Amino acid sequence: MTHRRRYRYVEMSLAPDPEATPYTVRARCLACDDLSPEPEPSESITAQHERAQRWCTRHAARDYADGRHFRFAATVTLRWRVTPAEDIGPAAL
């Protein structure tokens, strides 16, 4: 027995998630995986970027048993929400 499914096109929009923190900027040390502190939700993206950079320079200034840590990665997280133009079923959590 074959099951058939019907699909249809539904218009959707993508926008920042109003229930989430709009963005976060964090830095991670590539030598030890330490993370910069979680930013304050009220901080602008520029302030978060500067805070992550300051954390990197302070972290690199420390002496570690395996030597100084000079390599970092920055992560900027933007939280979005997709909203269908019509009801297409319950949302996953």
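Please treat every number below as a calculation from the coordinates, not as lab data. This one's a predicted model, so the numbers in the text were calculated from it and none came from an experiment. Glycine gets a Cβ as well: all are built from the backbone with ideal geometry, and neighbour counts include every protein chain shown.
A few points about this structure:
- Scan of the range 9-26 for residues that are closer than 19 Å to P39 by Cβ, out of contact with any Lys or Arg (no Cβ under 6 Å at 6 or more places or on another chain) and not hydrophobic (A, V, I, L, M, F, W, C), ordered by number: P16, P18, E19, T21, P22, Y23, T24, R26
- Condition met for R71 (among the basic types (K, R), in contact with a strand residue (DSSP E or B) (Cβ under 9 Å, 6 or more places away or on another chain) and more than 24 Å from E19 (Cα to Cα)): yes
- Within the range 65-88, residues that are part of a strand (DSSP E or B) reach partners that are charged (D, E, K, R) and exposed (fewer than 12 other Cβ atoms within 10 Å of the Cβ) with beta carbons closer than 8 Å, at six or more positions or on different chains, in the pairs R81/E19; P84/E11.
- Residue match in the range 20-29 (condition: outside any helix (DSSP H, G or I), loosely packed, with under 10 Cβ neighbours inside 10 Å and not aliphatic (A, V, I, L, M)): no
- Evaluation of E38 against the conditions (1) touching a residue at least 40 places away in the same chain (Cβ under 8 Å); (2) assigned to a loop (DSSP other than H, G, I, E, B) shows that the sole unmet condition is (1).
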